[in-house]
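Participant: Please read through the structure below; I'll follow up with questions.
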Amino acid sequence: MSRVHRHRMRVSPQRLFQLAAAALFNGYAAGFQKGKIFTGGSKAVCVPVLNCYSCPGALGACPIGALQTALGAKHHFPFYVLGTLMLFGVILGRAVCGLLCPFGLVQDLLHKIPVPKGTVPRRLDRAARYLKYGVLAVLVILLPAFLVTDTGIVPPLFCKYLCPAGTLGGGVPLLVSDPNLRKVAGALFGWKALVLAAILTASAFVHRPFCKYLCPLGAFYALFNRFSFFQMRLDQGKCVGCGTCEAACPMQVDVTRDISSPECIRCGRCKAVCPTGAVSWGFSCSPGPKAEPDKP
C-alpha cells in the first residue's frame, strides 16, 4: 500500500490538532444549550485564532476583535493583543492557521465534499493573495485607529461587516436559540450571512479561500513565517523532484522552491505524501528555516 493511501486511511495529525483546538477554544457546551455567551475570566485572554468572542461556546477572546476594539476606543495602545499575536507568530508562524484555527477546519471539511474542484488562474490567484494584507491594514488597523465618529468609539469594522467566523460561531447559534434576536435581525445580518454562504460554498470548490484571500490574522502570521521557530524543512539530498508535495499542498506553495513561503500554513500535507521522506517539520533553537544540503 502506498504512502499516500495509508495517509488517507488514518486521521492525520493536522486533523487531530484542529479538533482538539476547536474543543479547547469553544468548550463551553452550556452556551450552545442556553444561547448565552460565556462571561468567565478567561474571556479576557486572547486565543491565537479567529474565534468570535460572541460564540456561545467561546472561552476566550478573538485577537482581531480585541485589536479593533482597543484601537477604536482610543484609550490606550493594544500592547497586550499585539504582544500575544507576535508571540504566537514568532513561535508558530502560520502553523496557527493550519493546525489550530476552527474556521480553517470548517473549510478543510467542506473541501472534502465530492464536487468538481476548481483552481483560480495563477495570475489572479497571486494578486488576490494580497487582499488579506489590505483587510488587515485598512479594516483592522487604520480605520479603527483614525476614523472619527460622534461617539468617539469606532465599531470593530472587520467583525461587523466581513468576518465569516463570527457569523458562523456567534451570529447563527444566537439567532437560532433566541427568537427575539431573530425578530430584530436586519440587513446587516443578511449581508454577513451572504458573505458566510459565499465563503462556505467556495470552500467546497477551492481549498481555504478565506485563508488565502481575506483573513487578516493569516496575513499577520504570514509576516513571521520565514522566521518562526516552527518550520517546514526540505532535504534537497532526498528530494527527487516528483512534485507530489506540491500537488497535495492546499495553499499551492512551491514546496521545492520556497517551503518557507508566507502562504505555507504548516498543515503537514507535503510531509505526509513525500515518497522519500524529504520533507520534515519541527522546532529549531533559532528562528528561521534550517538550511538543508544541496544535491550533489
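Participant: Working only within segment 50-77, note down all residues that are of a type in the set (A, V, I, L, M, F, W, C) and within 23 Å of Ala145 (Cβ to Cβ).
Facilitator: Taking segment 50-77 first, the residues of a type in the set (A, V, I, L, M, F, W, C) are 50, 52, 55, 58-59, 61-62, 64, 66-67, 70-71, 73, 77.
Of everything in segment 50-77, those that are of a type in the set (A, V, I, L, M, F, W, C) and within 23 Å of Ala145 (Cβ to Cβ) turn out to be Leu50, Cys52, Ala61, Cys62, Ile64, Ala66, Leu67, Ala70, Leu71, Ala73, Phe77.
Participant: Moving on. Answer yes or no as to whether Val184 is among the aliphatic types (A, V, I, L, M) and in contact (Cβ under 8 Å) with a residue 60 or more places away in the chain.
Facilitator: No: the conditions fail for Val184.
Conditions (1) open to solvent by less than 10 Å² (accessible area, probe 1.4 Å); (2) out of contact with any Cys (no Cβ under 9 Å at 6 or more places or on another chain); (3) not in a helix (DSSP H, G or I), marked per residue:
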residue	(1), (2), (3)
Gly31	yes, no, no
Lys36	no, yes, yes
Leu50	yes, no, yes
Leu71	no, yes, no
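Participant: Here's something else I'd like to know. Return the residue satisfying two criteria in turn: it lies in segment 129-186 and is among the charged types (D, E, K, R) and either within 14 Å of Leu217 (Cα to Cα) or open to solvent by 60 Å² or more (accessible area, probe 1.4 Å) (or both), and of such residues it is nearest to the chain's Cα centre (by Cα).
Facilitator: Result: Lys132.
Participant: Look at Phe88 and say whether it is open to solvent by 20 Å² or more (accessible area, probe 1.4 Å), touching a Pro at 6+ places or on another chain (Cβ under 6 Å), over 26 Å from Ala197 (Cβ atoms) and not aliphatic (A, V, I, L, M).
Facilitator: Taking the combined requirement at face value, the residue satisfies it.
Participant: Moving on. Only one residue in Gly118, Gly89, Gly83 is in contact (Cβ under 8 Å) with a residue 60 or more places away in the chain and assigned to a helix (DSSP H, G or I), so which one is that?
Facilitator: Gly89
Participant: Can you work out which of the residues in segment 160-211 that are of a type in the set (D, E, K, R) and in contact with a Pro (Cβ under 9 Å, 6 or more places away or on another chain) is farthest from Lys34 (Cα to Cα)?
Facilitator: Arg208
Participant: Quick one: how many residues across segment 257-271 are in a loop (DSSP other than H, G, I, E, B) and either over 12 Å from Gln231 (Cα atoms) or open to solvent by 30 Å² or more (accessible area, probe 1.4 Å) (or both)?
Facilitator: Narrowing segment 257-271 to residues in a loop (DSSP other than H, G, I, E, B): 257-268.
Pick out the ones that are also either over 12 Å from Gln231 (Cα atoms) or open to solvent by 30 Å² or more (accessible area, probe 1.4 Å) (or both) and you get 257-258, 262-263.
Within segment 257-271, residues that are in a loop (DSSP other than H, G, I, E, B) and either over 12 Å from Gln231 (Cα atoms) or open to solvent by 30 Å² or more (accessible area, probe 1.4 Å) (or both) number 4.
Participant: Scan segment 221-244 residue by residue and report those that are within 22 Å of Cys211 (Cβ to Cβ), assigned to a loop (DSSP other than H, G, I, E, B), out of contact with any strand residue (DSSP E or B) (no Cβ under 8 Å at 6 or more places or on another chain) and open to solvent by less than 60 Å² (accessible area, probe 1.4 Å).
Facilitator: Phe224, Asn225, Ser228
Participant: Exactly one condition in (1) open to solvent by 50 Å² or more (accessible area, probe 1.4 Å); (2) over 20 Å from Val140 (Cα atoms); (3) in contact with a Gly (Cβ under 9 Å, 6 or more places away or on another chain) is not met by Val45; state its number.
Facilitator: Val45 satisfies all of (1) open to solvent by 50 Å² or more (accessible area, probe 1.4 Å); (2) over 20 Å from Val140 (Cα atoms); (3) in contact with a Gly (Cβ under 9 Å, 6 or more places away or on another chain) except (2).
Participant: For segment 201-211, what are the residues that are within 18 Å of Leu131 (Cβ to Cβ) and in contact with a helix residue (DSSP H, G or I) (Cβ under 7 Å, 6 or more places away or on another chain)?
Facilitator: Of everything in segment 201-211, those that are within 18 Å of Leu131 (Cβ to Cβ) and in contact with a helix residue (DSSP H, G or I) (Cβ under 7 Å, 6 or more places away or on another chain) turn out to be Ala202, Ser203, Arg208, Pro209, Phe210, Cys211.
Participant: I've got another one for you. What residue, of Gly65, Gly57, Gly27, is in a helix (DSSP H, G or I) and among the small types (Gly, Ala, Ser)?
Facilitator: Going through Gly65, Gly57, Gly27 in turn, just one is in a helix (DSSP H, G or I) and among the small types (Gly, Ala, Ser): Gly65.
The values are calculated or read from the model by the stated rules, or taken from the named source; none is laboratory data. This one's a predicted model, so the numbers in the text were calculated from it and none came from an experiment. Note that each Cβ is placed from the backbone with ideal geometry, even for glycine, and that neighbours are counted across all protein chains shown. Accessible surface is based on the protein model in full, side chains and every heavy atom, while ligands, DNA and RNA are left aside. Shrake-Rupley method; radii C 1.70, N 1.55, O 1.52, S 1.80 Å.
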